[in-house]
Ligand code: C5P
């Protein structure tokens with residue numbers, strides 16, 4: 001269990017453009033239940049007994065606004081540094097990881113846990129942070145996830161069902177995803193080497209979460225801990241009223 005002695009950095013991602021939202025501003029700044037979307041994760045981290053600091057990742061053009069209108073306005077003192085967002089999510093995480101390494105020598109702090117969380121998932125409750133923290137302490141790497149309610153199928157190139165796994169083994173993966181610092185950093189350095197050699201980031205388009213990077217480049221087993229069905233990623237307009245209701249119940 002984490003407490004005021006927890007050593008846990010949250011890399012909070014808000015570097016996306018939110019194209020699928022089709023809104024007049026980046027989705028992290030959309031008002032939902034009276035607050036900008038990114039405010040909720042920042043508030044959860046600020047109040048958390050698990051997280052002791054936050055590295056925020058924001059698009060270069062949003063950093064000044066973020067500092068003035070979100071961080072200062074909300075007095076989010078746990079945000080220790082801001083990294084610039086990248087072209088793809090995995091590049092944004094990489095920038096967060098590189099900034100983390102400037103602030104910490106993880107060889108001297110082997111117990112430090114680093115979590116990555118999508119700022120587009122505002123339903124960040126303390127019990128989920130706790131489960132992720134404990135999973136990472138015990139197994140080095142873990143993800144929050146929920147059992148899939150739907151049957152999931154893998155399609156072939158022609159759009160026909162190729163493989164339908166038994167639903168009892170299918171989980172929908174969310175964030176937070178939590179790792180021992182050395183495990184996360186080592187894996188992302190290997191990914192960065194491959195990215196530097198690739199002509200375009202498209203080659204790594206299979207990377208849609210952080211556990212995949214750690215599993216692929218570090219061969220680390222990823223433990224699954226219980227997420228929450230309300231921990232959805234706000235992606236399209238339809239998600240806004242649903243999330244508004246969830247947030248009012250917190
Ligand atoms: O694009 P997707 O919905 O998977 O984004 C998940 C999270 O990653 C969002 O919080 C978004 O702001 C962040 N992201 C980022 N940099 C990118 C793309 C997405 O920080 N280039």
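Throughout, read-outs are computed from the coordinates displayed, never taken from laboratory work. All values reported here derive from a predicted model rather than from experimental measurement. Glycine gets a Cβ as well: all are built from the backbone with ideal geometry, and neighbour counts include every protein chain shown.
Quick check: is even one residue across region 186-196 in contact with a strand residue (DSSP E or B) (Cβ under 9 Å, 6 or more places away or on another chain) and within 26 Å of residue 41 (Cβ to Cβ)?
Yes - at least one qualifying residue is present in region 186-196.
Taking the criterion of being surrounded by 12 or more Cβ atoms within 10 Å (Cβ to Cβ) and without any contact (Cβ under 8 Å) to a residue 40 or more places away in the chain, the residues of region 190-206 that qualify are 190, 194, 203. Restricted to region 8-117, the set of strands (runs of 3 or more DSSP E) holding at least 3 residues that are in contact (Cβ under 8 Å) with a residue 40 or more places away in the chain, surrounded by 20 or more Cβ atoms within 10 Å (Cβ to Cβ) and within 14 Å of the ligand (Cβ to nearest atom) comprises 8-14, 53-58.
Residue count for region 95-113 under the criterion of being closer than 12 Å to residue 55 by Cβ and touching a strand residue (DSSP E or B) at 6+ places or on another chain (Cβ under 9 Å): the result is 9. Residue 124: within 17 Å of the chain's Cα centre (by Cα), part of a loop (DSSP other than H, G, I, E, B) and within 16 Å of the ligand (Cβ to nearest atom), yes or no? Yes: the conditions hold for residue 124. Of the residues making up region 170-190, those that are under 19 Å from residue 13 (Cα atoms) and under 17 Å from the mean Cα position of the chain (by Cα) number 13. Considering (1) in contact (Cβ under 8 Å) with a residue 40 or more places away in the chain; (2) surrounded by fewer than 19 Cβ atoms within 10 Å (Cβ to Cβ); (3) farther than 19 Å from residue 34 by Cα, the lone condition that residue 236 does not fulfil carries the number (3).
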